[in-house]
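Reviewing the structure listed below.
The values are calculated or read from the model by the stated rules, or taken from the named source; none is laboratory data. The structure presented is a predicted model; accordingly, all values stated were derived computationally and were not measured. Glycine gets a Cβ as well: all are built from the backbone with ideal geometry, and neighbour counts include every protein chain shown. To get the accessible areas, we keep the full protein, side chains included, count just its heavy atoms, and leave off ligands, DNA and RNA. Shrake-Rupley method; radii C 1.70, N 1.55, O 1.52, S 1.80 Å.
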Amino acid sequence: MAAAVASPSVELLVRDLEGFSIWTGPPFDNGQPKIKIPKVPCSSATFSEDGSRLMVIKPDGVISIFDCKTYKEIRSIQVPNFAAANISPRGTYLQTFQKQASPQEKNVTSWSVENGSCVHNFSQKNMSKTSWPSIRFSSDEAVACRLVTNEIQFFDSADLSKGFVSRLRVPGVAAVQLSKMPGSHVATFVPESKGVPASVQIFACGSDPSSQPLARRSFFRCSTVQLHWNYGSTGLLAVAQADVDKTNQSYYGESKLSYLTTDGAHEGLVPLRKEGPIHDVQWSYTGTEFAVVYGFMPAKATVFDKKCNPLLELGSGPYNTIKWNPKGRFLCLAGFGNLPGDMAFWDCTEKKQLGTTKAEWSVVSEWSPNGCFFMTASTAPRRQIDNGLTKFVGTSASVACSRRIKIFHHNGSLYFKKMFDKLFQADWKPESADRFGDISELVKSIGSLKIEETKAQGQGSKPSQNATKSNPVNPPQKSAAYLPPSARKAASVKAELFGGLDTQEMSKNALKNKKKREKQREKKAAEGASSGSNP
């Protein structure tokens, strides 16, 4: 009988001032990560979608490609004055955008990673979020396409040197999204124009230029759209966003969530039970269910099946982010950005909450490829100012320690934490979830680590418990954090949105003033009572 294939180790890329390094784990031996390769100076590092290649931009402007099995440099390409670079999902092609010296210059180039040769190039005036990368691939690289004026050009993904081999005409098209895997369909967005409503349409890839869409949904008051394909390429979620809210309830405009299927069986709105914006929507990796965070704060979260029937209500709270576990079983519901970092972990199979915790000022958050760990990171430069300054106590220590990586177990319990002076990037190395075992077995395999960790914490806490028993009177109290006047005025608003504030969180001065006011009220009440008893 053939021996069972061992699951690959989980790896984490960490980039700081000195460059990037690769950590092996978690789980970590002796509680600390093992460094797989010494630090490599760079300004950027990006994995291909399948984790087979790593694109590294070095300080001298050279683009290097590393093989992720050995982390040996296999290709180095010098591109003068390039403004952007992108690696294809399976690491076959490198795409670069250069600043044009003349209108005729071909400034977008596709390079073969295998031999470093230029396989295709063309001219493109501007680069934007909707137009980069210029040539887009499906996750399996079966389909490659490019958006141009009023049409979509399709390429032979095995040989880009042929140029485009077919085209699909869609007048006014402004954005496209290829289905993930298989790359069988393409979704298009046409903005509102001259009284004609905006629309999202689904076409089969490689179809006749004059073919009709398989599904279509029209929107009034729609300026932008987010398109989310499921795994399996059978369903599409479209978040239509309007810049202006006609009801004047939201400063950020209004949004609606629609669901379309490639077989045309469903084209309509997802039934949401609370008014307000769509904060986040994500498909499960199973491709059969999706979760939505929506509504005015405190936001509501719901899991739906592929027929838009509610499966699980995740409650309400200060949330704006959903992260599905790669096995499709666990889910993290979080509030990052301008929210305080609350996180709730759910088992969607058992339909129960596993735990809650907090990760303030997080910029990056993602599940590990094996689905057992959840990582958050506070990185620069997006967190140059509000990095723990609410806990500033007159030293630079709190600011210096504000960049950090936290790794949690699947139930929200903290497994690992590390501080950095400067942290620019933290990313899991992508791996297919199919390469790992069943999630229940994986969770059991790390259960012993959690038990040992709990025992160690209990042993370390015994002296402090004894000390508390020997000195029960007047225990030392930690000084409360300073709150500026503006923050104090917003306390009532925060209490309404994120829950009531504990009196223990009040500063000493606030408690002192509160006692003074209470004494004054008691004194006035006593004086009023005495004056009323005298004739």
So how many residues does the range 60-70 have that are in a loop (DSSP other than H, G, I, E, B) and either hydrophobic (A, V, I, L, M, F, W, C) or surrounded by 15 or more Cβ atoms within 10 Å (Cβ to Cβ) (or both)?
1
Among the listed residues L237, L269, L257, which satisfies the condition of being within 25 Å of G315 (Cβ to Cβ), open to solvent by 30 Å² or more (accessible area, probe 1.4 Å), at pLDDT 85 or above and of a type in the set (A, V, I, L, M, F, W, C)?
L269
Which members of the range 325-335 meet the condition of being part of a loop (DSSP other than H, G, I, E, B) and either open to solvent by less than 20 Å² (accessible area, probe 1.4 Å) or not assigned by the TED database to the domain that holds C372 (or both)?
N325, G328, G335
So R75 clears everything in (1) in contact (Cβ under 8 Å) with a residue 12 or more places away in the chain; (2) surrounded by fewer than 16 Cβ atoms within 10 Å (Cβ to Cβ); (3) over 24 Å from the mean Cα position of the chain (by Cα); (4) assigned by the TED database to the domain that holds S117 except one condition, right? Which one?
(2)
Of residues in the range 97-139 being of a type in the set (K, R) and either under 20 Å from Q153 (Cβ atoms) or in contact with a Gly (Cβ under 8 Å, 6 or more places away or on another chain) (or both), the one modelled with the lowest pLDDT
K129
Output the qualifying pairs, or none if there are none: Cβ atoms under 7 angstrom, residues six or more apart or on different chains, first residue in the range 260-285 and in contact (Cβ under 8 Å) with a residue 60 or more places away in the chain and outside the structural domain of P326 (by the TED database), second residue acidic (D, E) and in a strand (DSSP E or B).
L260/E267
Lone unmet requirement of (1) within 18 Å of S112 (Cβ to Cβ); (2) open to solvent by 30 Å² or more (accessible area, probe 1.4 Å) for A85
(2)
Look at S179 and say whether it is hydroxyl-bearing (S, T, Y), in the same structural domain as F82 (by the TED database) and open to solvent by less than 70 Å² (accessible area, probe 1.4 Å).
no
Every pair of residues 6+ apart whose Cβ atoms lie under 8 Å, when the first sits in the range 417-433 and is closer than 14 Å to T379 by Cβ and among the basic types (K, R) while the second is assigned to a strand (DSSP E or B) and open to solvent by less than 60 Å² (accessible area, probe 1.4 Å):
K418/R404; K418/I405; K422/D16; K422/R403
Search the range 240-254 for residues being part of a loop (DSSP other than H, G, I, E, B) and not polar (S, T, N, Q), and hand back the single one that is modelled with the highest pLDDT.
D243
Only one of these is at pLDDT below 90 and of a type outside the set (D, E): T357, T390. Name it.
T390
Residue by residue through the range 191-227, note down the ones that are open to solvent by less than 20 Å² (accessible area, probe 1.4 Å) and more than 16 Å from G264 (Cα to Cα).
A198, F219, C222
Across (1) of a type outside the set (K, R); (2) free of Cβ contacts under 8 Å to residues at least 24 places away in the same chain; (3) touching a Gly at 6+ places or on another chain (Cβ under 6 Å); (4) under 24 Å from C372 (Cα atoms), V40 clears everything bar (4)
For the range 375-386, pairs from a residue that is part of a loop (DSSP other than H, G, I, E, B) to a residue that is modelled with pLDDT under 60, with Cβ under 7 Å and 6 or more apart or across chains, are S378/N387
Test: K307 is open to solvent by 30 Å² or more (accessible area, probe 1.4 Å) and within 22 Å of V200 (Cα to Cα):
yes
